[in-house]
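Below is one structure, written out as structure tokens; comments come after it.
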């Protein structure tokens, strides 16, 4: 009997009970937030996986089942597959190239220093390290958020550098992870978008994502440029929606209206929807701010800069929301922070995360401290990260400790712990029962009934 050829196409043909056989071998290059999540979830889908990173300390930690950040449900999942042997980690490009049939590129594209543009140094470094090692058929799949046109450029680079260029292909498959929900977003995505140049690459990715496709996830096949644009266009739209409602909050304050009721009314319009219409201190994190700036920069390079000028105002409104929160807080302290104790609830840019990148909460806390306030911050998960970036702020291990003797409490990250607080109990430890709800998510009636002076932004 003839033995079937050991080719990528052969391995991708067998699916057992809706799950791809473990003979499919996947690598994930870059083991930060995106990469560690993707590696663990690919193992959960039944694949044998190697995660690769140039940071040996990170590889050692992951190999022990530990992740250097907080993401619900991720560490137990990673540990499960490290312990089973289905998932392992390395620092070797040679090992990755020899092992993998599909190589996912999951490194970051931060904002370039002094510019709006995305810094592609990490993506290029991965391609430069991997391509010369590829001596057999495989598919490289970019998941990083990149400027439109990057995939075509990288495909040319791979073709020039790989010894097996004729059978090495590139595809682009943008990620749509929400911090705090990354595991579910990977295993049960709301859509899968791929940019490919061949039917073979499409077939390969259909096999990789066989399980979510079988569960009904839409699978959209596009060209490179469209696939690259989907992520940044989505983030630009969401950022615009957030800044729109924050602009309306400014108008509401001047007109004596309630922005929360306005958002509810707008949200009933099916063309608009209620999601991302929560007025407050604006957006932050490692995606939306830098992605809309990189989008503007790339549009300028393409000669389409006029098309995205509105994003400059979106960015400006977002930053102004933080300044407005400081102004409201100062007014609540009788016009000056000097000699006042301010409790800040929240440091992460969003709940269920320890990510403090471009955190509105920390930005506001820092501004208040610079204006003379004695600021104490509490966050359930992000305090250690915040302490490294803002070492001059004070940090507490509990809400009660942070609020001890406070003249003003600021609710700036909508953790469930804060929403569940008993305002009557908290009122016994503060100097003044005054709270500013920077996320408009607390129960207004409960706080007022407990004797607090409540102020929401735009209300």
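The values are calculated or read from the model by the stated rules, or taken from the named source; none is laboratory data. Predicted, not measured: the structure shown is a model, and the values here were computed from it. Positions of Cβ are generated from backbone atoms using ideal geometry, with glycine treated the same way; all protein chains shown enter the neighbour counts.
If residue 319 satisfies every condition in (1) in a helix (DSSP H, G or I); (2) without any contact (Cβ under 8 Å) to a residue 24 or more places away in the chain but one, which is the exception?
(2)
State all residues of segment 377-401 that are loosely packed, with under 14 Cβ neighbours inside 10 Å, touching a residue at least 12 places away in the same chain (Cβ under 8 Å) and assigned to a loop (DSSP other than H, G, I, E, B); if no residue qualifies, say none.
392, 397, 398, listed by residue number.
Among the residues in segment 198-218, are any touching a helix residue (DSSP H, G or I) at 6+ places or on another chain (Cβ under 6 Å) and either buried (at least 20 other Cβ atoms within 10 Å of the Cβ) or not assigned by TED's automatic domain parsing to the domain that holds residue 24 (or both)?
Scanning segment 198-218 turns up no residue that is touching a helix residue (DSSP H, G or I) at 6+ places or on another chain (Cβ under 6 Å) and either buried (at least 20 other Cβ atoms within 10 Å of the Cβ) or not assigned by TED's automatic domain parsing to the domain that holds residue 24 (or both).
Among the listed residues 177, 205, 229, 238, which satisfies the condition of being under 20 Å from residue 123 (Cα atoms), part of a helix (DSSP H, G or I) and in contact (Cβ under 8 Å) with a residue 40 or more places away in the chain?
229
If the requirement is being touching a residue at least 12 places away in the same chain (Cβ under 8 Å) and in contact with a helix residue (DSSP H, G or I) (Cβ under 6 Å, 6 or more places away or on another chain), which of these qualifies: 374, 404, 416, 367?
Numbers: 374 fails: in contact with a helix residue (DSSP H, G or I) (Cβ under 6 Å, 6 or more places away or on another chain); 404 fails: in contact with a helix residue (DSSP H, G or I) (Cβ under 6 Å, 6 or more places away or on another chain); 416 fails: in contact with a helix residue (DSSP H, G or I) (Cβ under 6 Å, 6 or more places away or on another chain).
Unique residue meeting the criteria: 367.
Can you confirm whether residue 279 is touching a strand residue (DSSP E or B) at 6+ places or on another chain (Cβ under 9 Å), modelled with pLDDT of 95 or more, assigned to a loop (DSSP other than H, G, I, E, B) and outside the structural domain of residue 178 (by TED's automatic domain parsing)?
yes
From the list 162, 144, which one is crowded, with 19+ Cβ neighbours inside 10 Å, assigned by TED's automatic domain parsing to the domain that holds residue 31 and farther than 19 Å from residue 25 by Cβ?
Result: 144 is the single residue among 162, 144 that is crowded, with 19+ Cβ neighbours inside 10 Å, assigned by TED's automatic domain parsing to the domain that holds residue 31 and farther than 19 Å from residue 25 by Cβ.
Could you grab me the full set of residues in segment 423-436 that are within 34 Å of the chain's Cα centre (by Cα), buried (at least 19 other Cβ atoms within 10 Å of the Cβ) and either over 19 Å from residue 364 (Cβ atoms) or in contact (Cβ under 8 Å) with a residue 60 or more places away in the chain (or both)?
Once the filter is applied, which keeps residues that are within 34 Å of the chain's Cα centre (by Cα), buried (at least 19 other Cβ atoms within 10 Å of the Cβ) and either over 19 Å from residue 364 (Cβ atoms) or in contact (Cβ under 8 Å) with a residue 60 or more places away in the chain (or both), segment 423-436 yields 423, 426, 436.
Quick one: residue 336 ticks every box in (1) touching a residue at least 60 places away in the same chain (Cβ under 8 Å); (2) closer than 24 Å to residue 404 by Cβ except a single one, so which number is it?
Just one mismatch for residue 336, condition (1).
If residue 429 passes every condition in (1) at pLDDT below 95; (2) more than 19 Å from residue 281 (Cβ to Cβ) but one, which one does it miss?
Failed condition: (1).
Identify the residue in segment 405-422 that is over 18 Å from residue 354 (Cα atoms) and in contact with a strand residue (DSSP E or B) (Cβ under 8 Å, 6 or more places away or on another chain) and, among all such residues, is surrounded by the most Cβ atoms within 10 Å (Cβ to Cβ).
Only one residue tops the list, namely 409.
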